[in-house]
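First comes the structure, then the notes that go with it.
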Amino acid sequence: MKTGGGVAFAGLSIAALKLPMFGVSGAKQDPAQCRATDVSSSQKELIISNWPAYIDPRKKSTSTTSVFQQRTGITVDYTDDVNDNAEFFAKVKNQMGSCEPINRDMIVMTDWMAARMIGLGWIQPLDAQSVPNLHQNLIEPLRNRQWDPKRTYSAPWQAGLTGIAYNAAKVPEIKSFEELLTRSDLKGRMTLLTEMRDTMAFMLRVVGADPDKFTDAEWSSAIERLEKVVASGQVRSFTGNEYIQDLAAGNIVACEAWSGDVIQAQFDNPDIKFVTPEEGLSLWADNMMVPNLATHQANAEEWINYYYEPETAAKLAAWVNYICPVEGAKEEMEKIDPSLVDNKLIFPDTEDLADAFDFMPLTDQQSQQYEGDFNNVIAG
């Protein structure tokens, strides 16, 4: 999750400065061997770890959580203790790498971390017959991801876009990432993100490479370009999602931005605009997954299937204001909040995402190298 939802910004997010992803020696597991007996039929319980402010208020009798509990009889122990992907990984890596339980039935991780955990064999495959709504209703742009092409292990909770935001009262429209990096009226008045994959995906596009598949030479070219931009004084700073407060306050006039932040900021300041750069958009998702040794997998699958019902998905999207991953939710939103139906940051058209890109999965060695290269640049 790259910011909060509802009526307030979330506290911490994956925008917080990351530490390099060091290898976990001997941590790879076989999900078929590292699994627990599923006691869902006798224990109607479900333990979930998700990001802060990423669900509608749970205590209301009409909330999505309450309706799920009423319908299924499953008691949900929901904790918003995922403040940062790397931080959460560090918290659970010893247990998961040793095939020990983390006492959770579901965790929600952003694409790159989901890919890492799946690659390490820490995630249980979902029973496709238990989550038919996922496979029927998942929007096309979130299908066929390199790291989980058939959504065997993961189900997007919400998705978002990385693009450009600017204050239209301060500067003219910014049409491309190249402009963001070079325009003189933005010098020292713009920010980029501390999340390596977000910022470097655009830097790769700027040098003509494909973030979905690039070489070490193309990476070096992109890093060199970023070094030159930083040395020129163009970038005021690299930030987490605090950039949105600076943009609203006028401390900066433009920035690399996440769509969820911008929707929230626009409620108070309509001059803040979100732009699809000429280079395209970075499309990402936070993904529900069942960790090894979960004891209530069937209950977790019931939760996934429920949130892939269009009506439920629309209720959730109306609160969190992220891209809804569920086909049919836009039509249901007409009944809930018609003002959001045409919001393309929640319901983008297929053509809006035609140039959307991902960041290719990295090996441990690549991750260490690339994170190190990037942190060296942003540290000055």
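The values are calculated or read from the model by the stated rules, or taken from the named source; none is laboratory data. Predicted model only: the values in this text are computed from it and were never measured. FYI the Cβ positions are ideal-geometry reconstructions off the backbone, even for glycines, and counts take in every protein chain you see. The area values use the complete protein model at the heavy-atom level, side chains included, leaving out ligands, DNA and RNA. Shrake-Rupley method; radii C 1.70, N 1.55, O 1.52, S 1.80 Å.
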Need the failing condition index for F374 against (1) at pLDDT 95 or above; (2) surrounded by fewer than 24 Cβ atoms within 10 Å (Cβ to Cβ); (3) over 16 Å from T64 (Cα atoms); (4) under 21 Å from the mean Cα position of the chain (by Cα), just the number. (2)
When the residues of region 255-272 are narrowed to those that are charged (D, E, K, R) and at pLDDT 90 or above, which ends up most open to solvent (accessible area, probe 1.4 Å)? D268
When (1) more than 17 Å from the chain's Cα centre (by Cα); (2) in contact (Cβ under 8 Å) with a residue 60 or more places away in the chain; (3) within 26 Å of E195 (Cα to Cα) are applied to S41, the one that fails is (3)
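Across region 336-362, which residue is surrounded by the most Cβ atoms within 10 Å (Cβ to Cβ) among those that are charged (D, E, K, R) and in contact (Cβ under 8 Å) with a residue 12 or more places away in the chain? Even if it seems obvious, please write down each step before you answer.
We begin by selecting, within region 336-362, every residue charged (D, E, K, R); these are 337, 342, 344, 349, 351-352, 355, 358.
Checking the rest, the ones that are also in contact (Cβ under 8 Å) with a residue 12 or more places away in the chain come to 337, 352, 355, 358.
Details: D337: 15, D352: 15, D355: 14, D358: 23.
Once the filter is applied, the top-ranked residue is D358.
So in region 29-73, with the set limited to residues that are among the small types (G, A, S) and outside any loop (DSSP other than H, G, I, E, B), which one is surrounded by the most Cβ atoms within 10 Å (Cβ to Cβ)? Steps first, please.
The initial filter retains those residues of region 29-73 that are among the small types (G, A, S), namely 32, 36, 40-42, 49, 53, 61, 63, 66, 73.
Filter once more, so that each one left must be outside any loop (DSSP other than H, G, I, E, B): 49, 66.
On the way: S49: 22, S66: 16.
In this case the residue turns out to be S49.
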Checking K335 against (1) part of a helix (DSSP H, G or I); (2) in contact with a strand residue (DSSP E or B) (Cβ under 9 Å, 6 or more places away or on another chain); (3) of a type outside the set (S, T, Y), the condition it does not meet: (2)
Single unsatisfied condition, F88 versus (1) in contact with an Asp or Glu (Cβ under 8 Å, 6 or more places away or on another chain); (2) without any contact (Cβ under 8 Å) to a residue 40 or more places away in the chain; (3) open to solvent by 40 Å² or more (accessible area, probe 1.4 Å): (3)
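Report yes if Q245 is within 22 Å of the chain's Cα centre (by Cα) and surrounded by fewer than 19 Cβ atoms within 10 Å (Cβ to Cβ), otherwise no. Step through it out loud before you land on a result.
Values: within 22 Å of the chain's Cα centre (by Cα): yes; surrounded by fewer than 19 Cβ atoms within 10 Å (Cβ to Cβ): yes.
Yes, satisfied.
Specify which of the listed residues (I107, I118, I102) is β-branched (V, I, T), in a loop (DSSP other than H, G, I, E, B), in contact (Cβ under 8 Å) with a residue 60 or more places away in the chain and open to solvent by less than 40 Å² (accessible area, probe 1.4 Å). Step through it out loud before you land on a result.
Numbers: I107 fails: in a loop (DSSP other than H, G, I, E, B); I118 fails: in a loop (DSSP other than H, G, I, E, B).
So the residue among I107, I118, I102 that is β-branched (V, I, T), in a loop (DSSP other than H, G, I, E, B), in contact (Cβ under 8 Å) with a residue 60 or more places away in the chain and open to solvent by less than 40 Å² (accessible area, probe 1.4 Å) is I102.
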